[in-house]
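Below: one structure, written as structure tokens.
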Amino acid sequence: MKAIAYQKFGNIDVLQNVEEPRPSVQANQVLVKVKAVSINPMDWKIRKGEMKLMSGLKFPKHTGVDFAGFVEEAGSAVTGFKKGDEVFGVVKNNMKEGALAEYVAVPSANVWKKPAHISFAQAASIPIVGAAAVTALHKMGTIHPQSKILVNGATGGFGMFLLQLLKQQKADVTAVTSTKAIDYASTWGASVVVDYTKEDMLSKNVVYDIVVDLSGKMGYDNARRIMKPRALFLNPTPRPIEIPTSLFKNLFSRKKHVAVLSHPSKENMEVLLNAINNGLQIEVSQVFPFSQFNQAYQYAEQGGFIGKVAIEID
Ligand SMILES: NC(=O)c1ccc[n+]([C@@H]2O[C@H](COP(=O)([O-])OP(=O)(O)OC[C@H]3O[C@@H](n4cnc5c(N)ncnc54)[C@H](OP(=O)(O)O)[C@@H]3O)[C@@H](O)[C@H]2O)c1
């Protein structure tokens with residue numbers, strides 16, 4: 001089968017289109033014929049060697065962790081899936097495995113039935129950022145109508161899910177986006193939208209109960225200036241050192257720094273599927289054919305898109 005792999009850390013040019021044997025299926029696994037894979041920032045952070053502690057140094061490495069497609073074969077111990085089912089899922093170890101290939105074998109616990117009304121590209125856009133958004137929501141605790149929430153970097157994949165989940169909670173959300181994404185942020189539930197190319201959030205003299213930084217550009221030390229005394233800072237991109245140090249700093253501050261790590265569990269996926277069946281929109285700004293995987297990564301890595309970017313496999 002065809003697959004995308006790389007033999008060393010680096011830029012897009014290390015990605016190679018290779019021939020590999022089709023994976024065999026263990027008893028608890030399903031083999032999925034992949035129709036679409038979505039791109040996540042973690043794909044290139046791993047490829048560039050920015051996450052070596054977790055990804056390890058073993059090559060070849062594969063890329064693309066979220067996928068959608070058809071069940072080709074179900075392992076002997078698998079119940080609930082059969083050949084031909086339309087599914088979406090995530091590889092078991094997203095630091096060491098990749099789904100950008102014709103087939104992927106994963107435990108059946110990592111696969112869910114695709115809602116009939118969404119495309120394969122939309123379904124492949126759900127697991128990592130969707131589950132991260134549900135985790136962020138849980139970390140926020142009880143949201144009161146008067147709670148002021150700031151989502152910085154609100155119209156990429158993660159923000160798209162988070163804004164719409166917050167809308168269902170009737171939260172008061174300020175979204176920070178670039179100019180072309182303003183309408184999306186409003187539609188997805190923000191009551192105030194700030195264009196980061198025109199205004200600096202940090203100099204607006206408004207304070208929040210919760211600040212979520214999805215851009216990775218604000219940082220906790222800056223965010224503290226716009227946090228109320230007991231506010232939370234949710235950080236989906238903590239540096240490894242920030243996890244222990246923030247636990248320590250949180251002991252001495254009423255403002256808290258909280259890491260958010262995606263957990264595509266059955267429970268989180270149920271929340272997402274319920275929201276999707278109730279109208280949550282999944283915007284895929286561009287879908288590339290498999291032969292243009294390089295262009296797909298170039299497009300995604302330069303930013304400026306809304307929602308997600310996906311690659312389709314014929
Ligand atoms: N911890 C976890 O488990 C986990 C899971 C998923 C994602 N993440 C991380 O969470 C982050 C967001 O993920 P994502 O998939 O949503 O990424 P994304 O699609 O690239 O979205 C990032 C957003 O930040 C915006 N942005 C860029 N510069 C900005 C600035 N100066 N001020 C405000 N906003 C700015 C971008 O807007 P424009 O493109 O319009 O400029 C874009 O909408 C990434 O760093 C990702 O690695 C972590």
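The values are calculated or read from the model by the stated rules, or taken from the named source; none is laboratory data. Source: prediction; values computed, not measured. Cβ: placed from backbone, ideal geometry, glycine included. Neighbour counts: every protein chain shown. The area values use the complete protein model at the heavy-atom level, side chains included, leaving out ligands, DNA and RNA. Shrake-Rupley method; radii C 1.70, N 1.55, O 1.52, S 1.80 Å.
Given the options SER191, SER203, SER265, which has the most mean-square fluctuation in a GNM of the chain, springs set between C-alpha atoms less than 10 angstrom apart? Looking only at SER191, SER203, SER265, the largest GNM fluctuation is found for SER203. Averaging the sequence gap over all C-alpha pairs within less than 8 Å and six or more residues apart, then dividing by the number of residues, gives segment 173-268 a relative contact order of 20 percent.
Given R0 = 35 Å, the distance between the Cβ atoms of PHE70 and MET95 translates into a calculated FRET efficiency of 0.85. Each stretch of four or more DSSP H residues adds -39500 (n - 2.57); spread over every residue of the chain, this sum gives -7500 deg cm²/dmol at 222 nm.
The stretch between THR237 and SER253 holds 3.7 nm of extra length on full extension. This uses 0.36 nm per residue minus the Cα-Cα distance. Fully extending the segment from HIS263 to MET1, taken as 0.36 nm per residue of separation minus the present Cα-Cα distance, adds 91.4 nm.
The distance between label points at HIS138 and LYS113 comes to 2.4 nm (points 7 Å beyond Cα on the Cα→Cβ vector).
Computed from label points 7 Å out along Cα-Cβ, the spacing between ASP221 and LYS204 is 2.4 nm. With everything on Cα atoms, drop me the angle between helix 127-140 and the longest principal axis of the chain, reported from 0 to 90° to the nearest 10. Between helix and principal axis, roughly 30 degrees. Rounded to the nearest 20, the size of the Cβ-charge dipole of segment 226-313 about its Cα centre is 760 debye, with Lys and Arg at +1 and Asp and Glu at -1. Overall, the chain carries a charge dipole of about 1060 debye about its Cα centre when +1 sits on the Cβ of Lys and Arg and -1 on the Cβ of Asp and Glu, all other atoms neutral.
Each Cα pair under 8 Å and six or more residues apart adds its separation to the average, and for the chain the resulting relative contact order is 18 percent.
Using the average count of surrounding beta-carbon atoms within 10 Å as a protection proxy, the listed peptides 99-108, 128-137 rank, highest first, as 128-137, 99-108. The residues of the chain expose on average 46 square angstrom of accessible surface per residue, using a 1.4 Å probe on protein heavy atoms. Eigen-decomposition of the gyration tensor built on the alpha-carbon atoms of segment 130-259 gives equivalent ellipsoid semi-axes of 22, 16, 14 angstrom, largest listed first. Can you classify the chain as rounded, prolate or oblate using the Cα gyration tensor, where a ≥ b ≥ c are the square roots of its eigenvalues, rounded means a/c under 1.5, and otherwise it's prolate if a/b beats b/c and oblate if not? Since a/c reaches 1.5 and a/b is larger than b/c, the shape of the chain is classed as prolate. Within the accessible surface of segment 130-259, defined with a 1.4 Å probe on protein heavy atoms only, the carbon and sulfur portion equals 54 percent.
The order of HIS263, HIS257, HIS62 by accessible area, most exposed first and with a 1.4 Å probe, is HIS263, HIS62, HIS257. Among 84-90, 10-16, 72-78, 155-161, sorting by the average number of other beta carbon atoms lying within 10 angstrom of each residue, highest first, gives 155-161, 84-90, 72-78, 10-16. Shape class for segment 25-158: oblate, because the ratio a/c of the largest to smallest gyration tensor axis (alpha-carbon atoms, square roots of eigenvalues) is 1.5 or more and b/c is at least a/b.
Here segment 130-259 is treated with +1 on each Lys and Arg Cβ and -1 on each Asp and Glu Cβ, and its dipole about the Cα centre works out to around 400 debye. Can you bin segment 122-200 into rounded, prolate or oblate? Criterion: square roots of the alpha carbon gyration tensor eigenvalues sorted a ≥ b ≥ c, rounded for a/c under 1.5, prolate for a/b above b/c, oblate for the rest. Judged from the Cα gyration tensor, segment 122-200 comes out oblate (a/c at least 1.5, b/c at or above a/b). For segment 1-83, carbon and sulfur atoms together expose 52% of the accessible surface, with a 1.4 angstrom probe and every protein chain in place. For the pair segment 256-300 / segment 31-71, the C-alpha centres are spaced 14 Å from each other. Among 209-221, 17-29, sorting by the average number of other beta carbon atoms lying within 10 angstrom of each residue, highest first, gives 209-221, 17-29.
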